[in-house]
Amino acid sequence: MKPKISFVAALATIAALAGCTSNNSIPPYLDDNQPIEVRVEDALQRMTLEEKVAMCHAQSKFSSPGVPRLGIPEVWCTDGPHGIREEVFWDEWSGAGWTNDACTAFPALTCLAATWDPEMSALYGKSIGEEARYRNKNVLLGPGVNIYRTPLNGRNFEYMGEDPYLASVMVVPYIQEVQKNGVATCVKHFALNNQENARLRINVTVSDRALREIYLPAFEAAVKQGGTWSIMGAYNQYNNEHCCHNSILLNDILKKEWGFDGTVISDWGGTHDTKQAAENGLDLEFGTWSNGLTWSASNAYDNYFLATPYLEGLKAGTYSEEQLDDKVRRILRMIFRTTMDRTRPFGEFVSPAHFDAARTIAQNGIVLLQNEGNLLPLSPDKVQNILVVGENANKRMTIGGGSSSLKVVYENLPLEGLQSRYGKDKITYMKGYTSGKDTVEELSELSAAAEKADAVIFIGGLNKHGHQDAEGGDRLSYGLPYGQDTVIETLVQANPRTVVVIISGNAVAMPWKERVPAIVEGWYCGTEAGNALASILAGDVNPSGKLPFTYYASLDQCGAHALGEYPGANNQVNYKDDIWVGYRFTEREKSAPLFPFGHGLSYTSFEYSDVKANKKSMSQEGKLNISVTVKNNGDREGSEIVQLYIGDKESSVPRPLKELKGFDKVKLAPGESRTVTFTIDSQALRFWDETTNDWKVEPGTFTAYVGASSADIRGTVDFLVK
Ligand code: BGC
């Protein structure tokens with residue numbers, strides 16, 4: 001009992017100091033037994049105008065003030081989304097040199113999306129949420145759910161792929177599990193931040209239909225199903241207003257239509273105007289004048305758009321205090337849900353459980369793209385001498401890429417993972433190419449070494465340098481950089497038993513695809529990258545990831561490049577590709593990508609049978625079940641991601657042939673079979689009707705397609721919507 005009494009006494013003291021209690025009772029805002037809304041209102045009415053305004057802007061690179069007089073804590077943000085960023089100096093981006101802040105790096109979000117497994121997403125959220133909590137952060141700047149519109153986008157690795165349904169399903173458990181730690185997720189970047197090129201200025205023109213069907217659903221799921229406590233405005237403009245203070249996106253859609261009650265946080269330096277920031281839905285301004293203290297009276301933060309200029313405008317009656325109160329309520333609510341929740345757990349940091357989680361997620365997300373003649377797995381008992389080639393085998397990928405760059409407690413590299421799995425004596429390593437000097441090694445030496453090996457594993461791809469999967473700039477071309485194509489061609493010519501592993505967050509051109517028997521998409525896998533990759537290549541783990549985006553053969557297969565504008569001109573980009581993103585476009589054009597959306601192989605094989613609907617028709621408000629039986633036909637356990645797509649046969653507007661509306665990852669023992677059932681409702685049938693500005697389901701015949709990828713449909717069934 002003793003600690004409890006002193007705790008209550010401490011609270012009473014704080015309250016008394018704040019001058020707001022009588023008879024030593026706890027003021028409502030500090031009283032855990034009061035509903036949050038009561039506490040928020042109570043805190044709000046105790047605050048001065050100056051205290052309220054202070055809460056609406058940063059006080060340092062990653063923190064904003066609380067109310068010291070009332071004992072209301074500060075907000076401390078951290079990047080996000082793959083690990084907890086190192087501590088930085090108060091006003092700088094650079095590391096502060098702490099020795100206790102090296103984190104666990106989890107796989108990049110493309111890899112998480114490639115697991116197609118909400119349980120992996122939950123494990124991810126739980127683990128990273130615990131790390132954030134341990135480090136005393138109450139806002140995690142992530143996850144990111146911007147749609148993969150073009151493979152050139154430098155930040156695709158931080159997002160969850162091209163499909164709004166997949167991203168929507170995957171984002172929800174991440175959020176829920178992070179927030180169980182009393183840490184708010186800050187889902188980013190809302191919205192239409194689909195390229196890095198000119199990101200701070202570019203104005204996106206997009207149809208309402210594409211906005212609703214493609215670009216907003218994952219954010220909507222994050223708000224309505226995930227219940228995220230904060231969201232980050234994007235750098236770019238939409239409808240000629242910056243997204244950090246965009247009346248349509250923030251006021252009309254996010255807050256009014258979706259009922260979001262959390263905090264809108266600006267991207268760092270994404271705020272441009274006091275009036276718009278005051279009125280168009282921004283709550284908390286961060287990162288303005290990110291160069292630090294170069295523009296200020298006493299402190300750069302005083303000159304933020306939502307600082308002194310806002311305060312003066314409020315005093316002059318230019319801005320309404322009601323709007324200010326709305327911002328402060330939202331920030332207080334976030335604080336009450338996080339730092340002021342006395343029941344929140346304490347978290348944990350760089351624990352074995354987190355390393356296991358990072359490895360498990362990676363093992364579930366790595367995608368076996370091609371495996372001619374079952375070259376993989378390369379069983380360690382059957383190979384004596386493996387030649388490993390490629391800079392990415394031995395390069396740290398947690399560093400670089402921009403704000404998601406991490407200081408990690410360790411990063412197990414692919415070469416290390418292979419050495420420990422196969423034995424050091426069995427592995428010979430050659431770099432093959434060098435990114436810094438952009439040179440290729442002597443090809444005859446590579447060729448000679450490859451000829452002598454039992455098998456060759458090339459590990460290359462992109463690398464998070466500028467324009468190679470990095471924030472602030474897009475890729476400059478679709479092909480592999482640094483002469484890697486030549487190296488791959490040389491190796492496979494010398495030794496047909498060549499495996500190519502691409503480390504990237506984006507698709508790349510593969511002019512050598514027909515000659516290379518085995519290809520793996522290895523992603524950026526973080527702390528346990530090497531062990532995870534080795535376990536897949538050696539066959540300890542049966543691969544089960546599938547692509548969360550289309551692997552185009554060339555850029556003209558991508559709607560953004562073929563129909564739309566990219567990267568735009570004069571700070572303007574027109575999404576003429578509309579809803580024709582990813583497989584929606586390749587299917588319309590009947591073009592065959594290198595690997596389709598949803599594709600991924602296993603070391604076993606799965607047979608699909610008996611695709612059926614539980615009835616022939618459904619009403620627009622009703623539900624219908626589609627089921628399929630899936631059998632593991634091989635001789636080892638494996639997991640299959642069963643996918644359901646729905647297509648509308650005749651419609652008043654052009655619609656994609658089919659769209660993903662369900663998936664289930666099922667683990668099956670050899671010979672085992674299971675019936676998977678999907679329940680669909682109007683959400684699986686609807687489109688955004690621009691004439692009524694609402695969702696619409698048209699009656700008629702629909703087709704359900706069930707398969708192993710968007711292009712590998714194993715059964716269909718028609719049903720009628722009345
Ligand atoms: C990025 C955000 C990030 C922020 C803080 C910005 O440049 O766009 O994603 O959270 O910096 O580091």
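Hey, any idea what the orientation-averaged projected area of the convex hull of the chain's Cα atoms comes to, in nm²?
Numbers: hull surface 133.9 nm².
Average of the hull's projected areas for the chain equals 33.5 nm².
Taking other residues whose beta carbon is less than 14 angstrom from the beta carbon of VAL88, and scoring Lys, Arg as +1 and Asp, Glu as -1, yields -1. Distance between the C-alpha centers of region 450-506 and region 39-54? Whole Å please. So the separation of the two Cα centres works out to 56 Å. Contact order normalised by length for region 7-337, with contacts defined as Cα pairs under 8 Å and 6 or more residues apart; what percent is it? That works out to 16 percent. No solvent, one uniform scatterer per C-alpha: report log10 I(q)/I(0) for region 366-543 via the Debye equation at q = 0.08, 0.13, 0.17 1/Å, two decimals. Once normalised to I(0) and log-transformed, intensities are -0.22, -0.59, -1.04. Each peptide in 27-34, 450-457 gets a packing score, the mean of other Cβ atoms within 10 Å over its residues, and the list from highest to lowest is 450-457, 27-34. Distances between every pair of Cα atoms in region 60-174, grouped in 5 Å steps from 0 to the bin holding the largest one, split as 2, 11, 19, 19, 17, 14, 10, 5, 2, 0, 0 percent.
Distances between placed amide hydrogens fall under 5 Å for ASP474 paired with GLY154, GLU196, ASN197, all partners being 5 or more residues away or on another chain.
Working note: 222 nm ellipticity from helices only, DSSP H runs with n ≥ 4, each -39,500 (n - 2.57), summed and divided by the residues of the chain, gives -7500 deg cm²/dmol to the nearest 500.
Taking a straight Cα-Cα cut-off under 13 Å and skipping sequence neighbours fewer than 8 places away in the same chain, the aspartates and glutamates within cross-link reach of LYS612 are ASP718.
Computed from backbone phi, the HN-Hα couplings of region 91-101 come to 10, 10, 7, 7, x, 8, x, 5, 10, 10, 10 Hz, rounded to whole numbers (Karplus: 6.51 cos²θ - 1.76 cosθ + 1.60, θ = phi - 60°; Gly and Pro given as x).
The alpha carbons of region 606-721 stretch over 54, 24, 18 Å along the principal axes, in descending order. Annotation for region 595-637 versus region 367-413: alpha-carbon center distance of 31 Å. Relative to one another, the C-alpha centroids of region 75-136 and region 160-175 are positioned 18 Å apart.
Cβ neighbours within 10 Å, averaged per peptide: list 319-330, 636-647 in order, most packed at the top. Don't skip to the answer; put the middle values down first.
Details: 319-330: 17.8, 636-647: 21.6.
Per-residue Cβ counts within 10 Å, averaged per peptide and sorted highest first, yield 636-647, 319-330.
Between the amide H of VAL367 and those of GLU521, distances stay under 5 Å, these residues lying 5 or more places away or on another chain, with hydrogens modeled in the peptide plane. Residue-wise HN-Hα couplings along region 30-36, as the Karplus relation 6.51 cos²θ - 1.76 cosθ + 1.60 with θ = phi - 60° gives them from phi, are 9, 8, 4, 7, 8, x, 4 Hz; Gly and Pro carry x. Exposure proxy for TRP580, TRP229: other Cβ atoms within 10 Å of each Cβ, ordered fewest to most, give TRP580, TRP229.
Using the Karplus relation 6.51 cos²θ - 1.76 cosθ + 1.60 with θ = phi - 60°, the per-residue 3J(HN,Hα) values for region 610-623 come to 6, 6, 8, 10, 6, 7, 7, 8, 9, 8, 5, 9, x, 10 Hz, with x marking Gly and Pro.
Using a/c under 1.5 as the rounded threshold, could you call region 548-649 rounded, prolate or oblate? The axes a ≥ b ≥ c are square roots of the C-alpha gyration tensor eigenvalues, and prolate needs a/b larger than b/c, oblate otherwise. Intermediate values should be presented prior to the final figure.
Working: a/c = 3.36, a/b = 1.52, b/c = 2.21.
Verdict is oblate for region 548-649.
Across region 382-480, Cα pairs under 8 Å and at least six residues apart give a relative contact order of 41 percent.
Could you please rank TRP76, TRP289, TRP523, placing first whichever residue has the fewest other Cβ atoms within 10 Å of its Cβ? Could the numbers behind the result be given before it?
Values: TRP76 19, TRP289 15, TRP523 31.
In increasing order of surrounding Cβ atoms, one gets TRP289, TRP76, TRP523.
Spread over its residues, the convex hull of the C-alpha atoms of region 324-421 is 194 Å³ per residue. A cut-off of 5 Å between modelled amide H atoms, ignoring neighbours fewer than 5 places along the same chain, links ILE459 with VAL389, GLY390, ALA393, VAL501.
Evaluate Rg over Rh across region 544-586, taking Cα atoms for both radii and Kirkwood's formula for Rh. Please list the in-between numbers first.
Details: Rg = 11.9 Å, Rh = 11.1 Å.
My calculation of the ratio gives 1.07.
What is the sum of charges around SER591, taking Lys and Arg as +1, Asp and Glu as -1, for the other residues whose C-beta is under 13 Å from the C-beta of SER591? Once positives and negatives cancel, what remains is 0.
Based on Cα contacts under 8 Å between residues 6+ apart, the chain shows a relative contact order of 14 percent.
Rounded, prolate or oblate: which fits region 458-613, taking a ≥ b ≥ c as square roots of the Cα gyration tensor eigenvalues, rounded meaning a/c under 1.5, else prolate when a/b beats b/c? Provide the component values of the computation, followed by the final result.
On the way: a/c = 1.75, a/b = 1.22, b/c = 1.44.
Note, shape of region 458-613 comes out oblate.
Here, each number is a calculation from the coordinates, and none is a lab measurement. Please read these numbers as outputs of a predicted model, since none were measured by experiment. Glycine also receives a Cβ, built like all others from the backbone with ideal geometry; neighbour counts cover every protein chain displayed.
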